[in-house]
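Notes follow once the structure below has been shown.
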Amino acid sequence: MKHRRLLQALWLGTLILAAATIGRAGPPAAWGRIELIRDRWGTPHVFAETDEGAFYGLGRAAAEDRLYQMQFNRRLMQGRLAEAVGRLPKRRQRQFGPKDALEEDRLMRTLGWEWAARRLAAALPEETRRMLEAYCAGINDHIREHEGRWHPLFAEQGWAPEPWTPADCLLAWWQVGRFFAADGLRELWTLRQRNDPRWAARQNARRVVDDEAAVVRREDVSEDWIRRTEEFMRRHGLDRVGQGGPEAEGPKFSHAWVIGGRLTSTGSAILVSDPQTPVSNPSLFHEFHVAGKTFNVRGIGVPGSPMLLIGFTENVAWGLTALGADQADLFVLKTDPHRPDQYELDGRWRPMEVRTEEIRVAGGETGRLRVRETVFGPVVSEFALGRQREEVAVKRVPLCDRSNETHQAMLPMWRARSAADFLRAAGDWRFPTANCVFGDREGRIGYTTLGAIPVRSPHAPEPGLAHDGSRSENDWLGFVPPDLLPHVLDPKRGYLVSANHRTIQSFYRLTLGTSTGSAGDTDRGWRIKQRIREALTKGGPITPEAVLDMQADTVNAVKQAILRLGYHLREHQREALSGAALRTLDHLENWYAAGARSDMSRPGTELANQMGVLFRSMVEPLADTYGGGVSGLVLALKTLTKRLEEQGRAARFSEPEIRFIDRALAGAWQRATAAYGRDPARWHEAARRQAANARMGYFENLAGYGSLAPEWDITRPLLQVIDGSTILAQPGQSYTQFVRLDDPDASLTILPPGPSEQPASPWRFSNLPAWAGGELHPAPLSRKAVEPLAVSFRLLSGRAEAERPPSRGRNMRANPNARENAPHRPAVSRRGTER
């Protein structure tokens, strides 16, 4: 009851704060002059005299661009979506989980996302909370000033935007973060699978590790750091615990790399980051540039939160890829039907904390939900896969956190003046887990693992299995200290690549529970390394132009390697290949000779795009040798191509190796025939027609809901590179950031389709032409470099007379209530200059 009363008091406080915020007219005078500039692509640039003023202006810009998206996602996280949209069905449904908005509300209320957000927002450091309050003030002033002129979906669905609070900033961040994190709800099902012979076979499979692929290498860490890591394990009894079976392959998201100053022509770091989540309508992310008294930063975050996911300042740039570390566990409770709402822990019966919540449904009846809490977390029995009669509770980050939250890393990251500063600041990042590469103006570079990694009890089962919740000794022991997570500064190689692949070599024995490429390389990571090594072998330093060319690379390294091996077999072991495999090799010969670029403008790409490889144990025999999944596939191809390089024409391959190559080649021909017909001469045009028919539903999102307004759906422009295993990979190019820290004003970005969700906004599709053309646009930091690109200026607070109009006569406005002008949309070259 005490816990509940505290949370109710926090909620009342946030309502009072929000009411006070939304009722006032403009920012306080103490926040100084605040300007909001829009460039020709609609990107907001906020310049302010104070940090609070900068956050206020950013809030205004976010609300202008994405108010409906923010409010929709907040309701989803609060468990209040059905009261706005009714039982909205999901278009994409998972194997298990909510099927509509009402079921989603029940899950979100049970997990208690909103309760956790209120608690943690109240515990934030004073300065962080003050900045979030200023951000919320900007949002709420926009809501107040635009009453009756909100997004048309509000009126159509019969609901209105509500005041924004610091807790809502956390919810906005978590809404996106949860898609890159395990939820623990499958662990009971996984526990039951241990009796399945197929499960046992997979668990007993030899785990193959490609240490050469790892980001952090033994040569780059000190003996002292290894000693401290091992001492930490001994102190928690983890040195006696095995590492478990092979870790599952996780989602393939993102690639980022940074090249240090000793290898570049500029002497400064050069960084590229590409989060590779599906491009949506509107974007999942919000691009912005904000400059206050103590920071000047730009990049992408999520609508409704000022926190940056990927970004850069004058001194430091950083990029992220998904790590997918395990931050959730299910605990099987010991209960008794004769003792309702109780559970036994350490031989003593304890009462659950129980609260009843009302769930309203638009056009339907109000329902009630009993939410029960334990020391581990909420009881989630009805949502657990594989549950029979057990009662289970889930413990997960960030819901179990009491005082630390990712937003408190925001200001230190933005104010970092060096790579070392940034590494220290990143230690406060909690959720979601990520791989982070970074570099600075002086040429130093680094990598660090981001996130709160639980220290599991030595009595707990292997990772991914439900825990025994009858004894407290099975609970988490805390979190791995940030300085003991994998990280490196100034690696000997001089560059760092992260593409969801292995984070650290096997000398590191702490279990992270990672689900993305934990055993070796990924296809995209392999290709990025190939390009960097090619640049180094040419001699001389690596130029910014060379790095930018890497970002535009369209070669699928796996398919290129399979074809290389196939042509060798055709010449030296032709009789071992099937007719379909030989037809594939013949059809792709010119395409391969021209560089094997997966570009839809090039005939042959349509066939290469059909080359799929299922590299799994019990499906592909080679997986028993090299390991399953994409990391095993890449290791196999690296091994086979190395043999070819070393032995040349004399290289020979075993029957299983030949069958693997043959299946990949023959399968491509068979799938292309099924997709495009029997006449190969017509395949290329048929594939282009199919690619041009892809639809982008309005507000389709990662949660699985379909279009909210089909009249505002769009046909995706014809993209030239639709192969998701290339570096460019346009369908997943939700954002690209190219930063040269010797001259941050020469940086380039793209955020398709555009900044705005508003159907009539000129900024809704402002980035579509550049995206379709594989281009980036200028992304400067300094006011001097921003002004020539500007098309609108708005003074949100302060005196106007001191302002000098931007150069080149971009029809700027100084009216605080002015709407943006229509953007000028020039074509942009790979270097970001007008054509």
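We did not get these values from a lab; they are worked out from the coordinates using the rules stated. This one's a predicted model, so the numbers in the text were calculated from it and none came from an experiment. Heads up, the Cβs are rebuilt from the backbone with ideal geometry, glycines too, and the neighbour counts pull from every protein chain shown.
Per-structure values
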| item | result |
| --- | --- |
| 11 Å beta-carbon shell around G347, net charge (K/R +1, D/E -1) | +2 |
| K784, K538 arranged by Cβ crowding within 10 Å, fewest neighbours leading | K538, K784 |
| Protection proxy ranking of 770-777, 166-173 - average other beta-carbon atoms within 10 Å, highest first | 166-173, 770-777 |
| Kirkwood Rh and Cα Rg combined as Rg/Rh, the chain | 0.96 |
| Charge-dipole axis of the chain as Lys and Arg at +1 and Asp and Glu at -1 on Cβ define it, positive-most pick from T625, F312, L124 | T625 |
| Least to most buried among R130, R75 (fewest other Cβ within 10 Å first) | R130, R75 |
| V316, V208 arranged by Cβ crowding within 10 Å, fewest neighbours leading | V208, V316 |
| Farthest toward positive dipole pole in the stretch 557-691 [+1 Lys/Arg, -1 Asp/Glu at C-beta], among A664, L582, A691 | A691 |
| Sorted peptide list for 599-610, 297-308, criterion being average Cβ within 10 angstrom, highest first | 297-308, 599-610 |
| Cα-centre dipole for the stretch 557-691 with unit charges at Cβ (Lys and Arg positive, Asp and Glu negative), debye to 20 | 220 |
| Gyration tensor over alpha-carbon atoms, the stretch 237-385, equivalent ellipsoid semi-axes in Å | 45, 26, 16 |
| Cα-only radius of gyration and Dmax that characterise the stretch 557-691, units Å | 14.7, 43 |
| Inter-probe distance in nm under a simple model that places probes 7 Å from Cα toward Cβ, at D490 and A123 | 3.7 |
| Extension gain (nm, one decimal) between E212 and A785, 0.36 nm per residue minus Cα-Cα | 202.1 nm |
| Relative contact order of the chain, pairs being alpha-carbon contacts under 8 Å that are 6 or more residues apart, as % | 18 |
| Over 29 Å (Cα to Cα) - which of K492/K538; K90/K559; K395/K638; K538/K638; K395/K492 fall in this group | K90/K559; K395/K638; K395/K492 |
| Cleavage-rule hits, GluC sites (Glu not before Pro), the stretch 357-419, DSSP coil, Cβ neighbours within 10 Å at most 15 | E365 |
| DSSP bridge pairs, the chain: antiparallel proportion in percent, nearest 5 | 90 |
| Residues with amide H under 5 Å from that of I542, placed H, sequence gap 5 or more | T264, S265 |
| Cα-projected label distance for T543 with D224, points at 7 Å along beta-carbon direction, nm | 4.2 |
| Per DSSP, loop chymotrypsin sites (Phe, Trp or Tyr not before Pro) in the stretch 483-523 with at most 14 further Cβ within 10 Å | F507 |
| Residue-span extension gain [R659 to Q573] - 0.36 nm each, minus C-alpha spacing | 29.8 nm |
| Calculated FRET efficiency for the pair R402/V354, C-beta based, R₀ 25 Å, to 0.05 | 0.75 |
| Estimated FRET transfer efficiency when R0 is 30 angstrom, pair A674-A593 (beta carbons, to 0.05) | 0.65 |
| Charge dipole magnitude, Cβ of K and R +1, D and E -1 - the chain, Cα centre, debye nearest 20 | 600 |
| The chain - mean residue ellipticity at 222 nm from DSSP helices (-39,500 (n - 2.57) per run, n ≥ 4, rounded to 500) | -10000 deg cm²/dmol |
| Semi-axes of the equivalent ellipsoid for the stretch 380-425, Cα gyration tensor, largest first, Å | 40, 10, 7 |
| Signed unit charges on C-beta, dipole axis of the chain, positive-most listed residue L768, A291, P412 | L768 |
| Neighbourhood charge, 15 Å Cβ-Cβ cut-off, centred on D468 and excluding it, Lys, Arg +1 and Asp, Glu -1 | -3 |
| Length gained when the stretch D713-E231 is fully extended (0.36 nm per residue, less Cα-Cα span) | 167.9 nm |
| Two-site FRET efficiency, A772 against M618, from Cβ-Cβ distance with R₀ of 45 Å, rounded to 0.05 | 0.60 |
